[in-house]
1. Roughly speaking, what % of Cα-Cα pairs in the range 45-90 are separated by over 18 Å, rounded to a whole number?
2. List, in order, the whole-Hz ³J(HN,Hα) value for each residue of the range 95-102 obtained from phi through the Karplus relation with A = 6.51, B = -1.76, C = 1.60 and θ = phi - 60°; use x for Gly and Pro.
3. Quote the charge dipole size of the chain about the Cα centre in Debye, to the nearest 20; the model charges only the Cβ of Lys and Arg (+1) and of Asp and Glu (-1).
4. Determine the principal axes of the Cα atoms in the chain, then give the extent along each, sorted from largest to smallest and rounded to whole angstroms.
5. Give the residue list of trypsin sites (Lys or Arg not before Pro) in the range 20-121 that are DSSP loop and have at most 10 other beta-carbon atoms within 10 angstrom.
6. Along the charge dipole of the chain, Cβ charges K/R +1 and D/E -1, which of 38, 54, 85 sits furthest on the positive end?
7. Please identify every one of the GluC sites (Glu not before Pro) in the range 65-121 that sits in a loop by DSSP and has no more than 16 other beta carbons within 10 Å of its own beta carbon.
8. Residue by residue through the range 52-64, which ³J(HN,Hα) values in whole Hz follow from phi under the Karplus form 6.51 cos²θ - 1.76 cosθ + 1.60 (θ = phi - 60°), with glycine and proline marked x?
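FYI, it's all coordinate maths here, none of it is from the lab. Remember, predicted model here, so these are calculated numbers, not experimental data. Note that we place each Cβ from the backbone using ideal geometry, even for glycine, and neighbour counts take in every protein chain shown.
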Amino acid sequence: MNLSPDEVLTTTRAVRKRLDYDRPVDPELIKQCLTIALQAPSGSNRQGWQFVVIGDPDVRARVSALYRESFAVYAATPAAGGSPTTEQRRDDVRSSAQYLADTMHRAPYLLIPVAEGGPSG
């Protein structure tokens, strides 16, 4: 595809159902992606985040199990009302998130962003 950066950033949606779990990932590529991600702007240029990269299959399985448990709580939450279009979008998002919950353990690496602070500051 020959897309401009603007086209990529304004047309790309979640790609959970298109992940290729069988394709190997070079750890160097992950380092390159994180180097680029760390260039993102932040307040006072503090960059109060870090990334945890998990390649160990046993740890990935445990993290995936925690995600499944958290997703189950979310999925059991009654949906708010809305228009038929809003309901369809919500159903699509839930379906995609369910797919991730079911298959996350197959990813060769998990990259988890960790930010300083919390909801209360």
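1. For the range 45-90, the share of Cα pairs beyond 18 Å comes to 60 percent.
2. 4, 5, 5, 5, 4, 4, 4, 7
3. 180
4. 42, 42, 36
5. Passing sites in the range 20-121 are 46.
6. So the residue we want is 85.
7. Those satisfying the criteria are 116.
8. 9, 10, 10, x, 5, x, 5, 5, 4, 5, 5, 5, 4
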